[in-house]
1. Based on the alpha-carbon gyration tensor of the chain and its eigenvalue square roots a ≥ b ≥ c, which shape applies: rounded if a/c is under 1.5, prolate if not and a/b is larger than b/c, or oblate?
2. Shape of region 1-59 from its Cα gyration tensor (a ≥ b ≥ c, root eigenvalues): rounded if a/c is under 1.5, otherwise prolate when a/b > b/c, or oblate?
3. How would you order 78-89, 5-16 from highest to lowest mean count of nearby Cβ atoms within 10 Å?
4. Taking the alpha-carbon centroid of each part, what is the distance from region 84-119 to region 1-34 in angstrom?
5. What number, rounded to the nearest 500 deg cm²/dmol, is the helix-based mean residue ellipticity at 222 nm of the chain, given -39500 (n - 2.57) per DSSP H run of at least four residues and division by all its residues?
6. In debye to the nearest 20, how big a dipole does the chain give about its Cα centre with +1 on each Lys and Arg Cβ and -1 on each Asp and Glu Cβ?
Amino acid sequence: MSGLTDFFMENSEKVGIVKYAPSSRFRGEDGNPIEWELRALSNKEVKELRKLSGKKVLDKKGREVQDVDTETYISKMVVECIVYPNLNDVELQNSYGVMEAEKLLDVMLICGEYNRLMNKIQEINQYHSTIEDEEREAKNS
C-alpha cells in the first residue's frame, strides 16, 4: 500500500540535464552540431521569473495593476533553462556585441532555431504533456 512517504523528495524522480542541438550552425571539432544543455525549472523559479517580467497596466476601472509581459517572461524562462552555453559569459556576449543573456540569445539564434529551442524547453518543463501522454510514450519505448 502506498503512503505519504511516496511523495517525499528522496522518492521523487529527478529531472536531469537534457542535451539538445537547436542549431546546425554551431559545430564541434567533429563536425557535428553542438548540443546545448537544458534544464527544467521549479515552480518557485517560474514565480520569480513572472515577478521579474511584471509590468504595470491599467484595468477596466483605470486602476494600475501588475501584469506579466509575456514576451519578457518567455525570454527569461528560455535563458534560465539553458545551462550550456553560459549565456552570461562576458566573452560570449562581447563576441555578439551585447551585454545581457536575453539579448545574446536574440542575436545568436535565427528565428527557427529559437523556436525549436523554445519548443524543447516547453517539452522539458512538461507544458504540453499530460501524465497519460507520458505513460503512453513509456509503454511504446
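1. Working: a/c = 2.00, a/b = 1.06, b/c = 1.89.
The shape class here is oblate.
2. Numbers: a/c = 4.74, a/b = 1.20, b/c = 3.97.
Since a/c reaches 1.5 but b/c is at least a/b, the shape of region 1-59 is classed as oblate.
3. Values: 78-89: 16.4, 5-16: 8.2.
Peptide ranking by packing, descending: 78-89, 5-16.
4. Cα centres, region 84-119 to region 1-34: 21 Å.
5. On the way: 6 runs with 61 residues, N = 141.
Calculated mean residue ellipticity at 222 nm is -13000 deg cm²/dmol.
6. Rounded to the nearest 20 debye, it is 580 debye.
Read-outs: derived from the displayed coordinates by stated rules, not from any lab. Computed from a prediction, not measured in an experiment: that's the story for all the values here. Glycine gets a Cβ as well: all are built from the backbone with ideal geometry, and neighbour counts include every protein chain shown.
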